[in-house]
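Asker: Pasting in a structure now, in structure tokens, and then I'll have a few things to ask.
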Amino acid sequence: MSEASDVDFGPLTALVGEWSGGEGVDIAPEPDGEETNPYAETITYSAVGGVTNAESQNLAAIHYRQIVRRKSDGAVFHDETGYWMWDNDTHTVMHSLVIPRAVCVLAGGIYGGETDGDGRAIINVAASLDDEKWKIIQSPFMQENASTTAFNHTIVVGNGRLSYRETTMLDIYGKTFEHTDQNELTLA
Ligand code: HEM
């Protein structure tokens with residue numbers, strides 16, 4: 001591993017720091033339909049440093065921890081951690097995530113320099129059960145009862161602002177459900 005100060009984090013550079021946002025919207029599955037949960041959250045991104053794989057691939061890695069509270073009662077109802085990684089040689093962004101439902105995702109995408117009108121980086125990663133490269137791993141119970149079949153996550157970051165929208169496709173309660181989360185955060 002190499003020190004964070006020696007590493008180029010590419011489009012992920014602007015992520016590092018403590019973010020908070022109070023206007024999140026979650027749409028989650030219910031047996032009889034869906035529920036909409038307004039939420040507030042903090043996400044802390046910490047620069048880890050450089051990682052070399054097989055003496056040939058160089059990744060710049062950032063660890064994050066996301067804590068999400070339901071606005072109606074302040075209770076934590078989503079807790080997520082993982083890494084964002086940047087491979088400058090192939091312009092690949094990777095996002096690994098773990099949630100305490102026994103679900104893990106390794107999503108990936110190519111960053112080709114996309115920006116919005118304010119010059120903020122637009123970064124997209126995706127994974128699905130049947131993708132050859134970017135996959136989802138989940139417990140036997142979740143495979144049977146609440147299977148995550150696809151994940152798509154877009155973040156827009158820069159100028160002290162971070163917006164994201166993620167879609168998690170679920171097979172649950174005998175139907176296919178589009179579980180979505182979105183929020184806008186600012187640097188603390
Ligand atoms: C801000 C992000 C997220 C929030 C606030 C959130 C919230 C929720 C809520 C409220 C439910 C309904 C069940 C319950 O009340 O606990 C749920 C279900 C579920 N979520 Fe999320 N979620 C988020 C992100 C994710 C992500 C990233 C994944 C996986 C990639 C995921 C996977 C699931 C699964 C598999 C279920 C079905 C389990 C069940 O309903 O019993 N969620 N989520």
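Asker: Roughly how many Å² is the accessible area per residue of the chain, as a whole number, for a 1.4 Å probe? Before the final figure, lay out each step's value.
Answerer: Working: 9700 Å² over 188 residues.
Averaged over the residues of the chain, the accessible area is 52 Å².
Asker: List residues of the stretch 140-158, by number, whose backbone nitrogen lies under 14 Å from a label position 7 Å along Cα→C-beta of D116.
Answerer: 154-158
Asker: Is the shape of the stretch 68-175 rounded, prolate or oblate, going by the alpha carbon gyration tensor and its root eigenvalues a ≥ b ≥ c, with a/c under 1.5 for rounded and a/b larger than b/c for prolate?
Answerer: Oblate shape, in that a/c is at least 1.5 and b/c is the bigger or equal ratio.
Asker: Using the crude model of +1 on Lys and Arg Cβ and -1 on Asp and Glu Cβ, and no other charge, please compute the dipole size for the stretch 1-112 relative to its Cα centre, in debye to 20.
Answerer: Dipole size: approximately 140 debye.
Asker: Here's something else I'd like to know. Could you pull the accessible area for H63 with a 1.4 Å probe, rounded to 10 Å²?
Answerer: 60 Å²
Asker: May I pose another question? Please report the carbon-and-sulfur percent of the accessible area for the chain; probe 1.4 Å, protein heavy atoms only, DNA, RNA and ligands left out.
Answerer: 51 percent
Asker: If you average the sequence gap of Cα pairs under 8 Å that are 6 or more apart and divide by the length of the chain, what percent do you get for the contact order? Show your work: numbers first, answer last.
Answerer: Working: 488 pairs, mean separation 36.6, N = 188.
19 percent.
Asker: Can you classify the stretch 4-187 as rounded, prolate or oblate using the Cα gyration tensor, where a ≥ b ≥ c are the square roots of its eigenvalues, rounded means a/c under 1.5, and otherwise it's prolate if a/b beats b/c and oblate if not?
Answerer: Oblate is the answer for the stretch 4-187, as a/c is 1.5 or above yet b/c matches or exceeds a/b.
Asker: For F141, F77, F177, give the ranking by accessible area with the largest first, probe 1.4 Å.
Answerer: Solvent-accessible surface, decreasing: F141, F77, F177.
The values are calculated or read from the model by the stated rules, or taken from the named source; none is laboratory data. Everything quoted here is computed from the prediction, not taken from an experiment. Because the Cβ atoms are built from the backbone with ideal geometry, glycine has one as well, and the counts that use them run over all protein chains shown. Note: accessible area is taken over every heavy atom of the protein model, side chains too, but ligands, DNA and RNA are not part of it. Shrake-Rupley method; radii C 1.70, N 1.55, O 1.52, S 1.80 Å.
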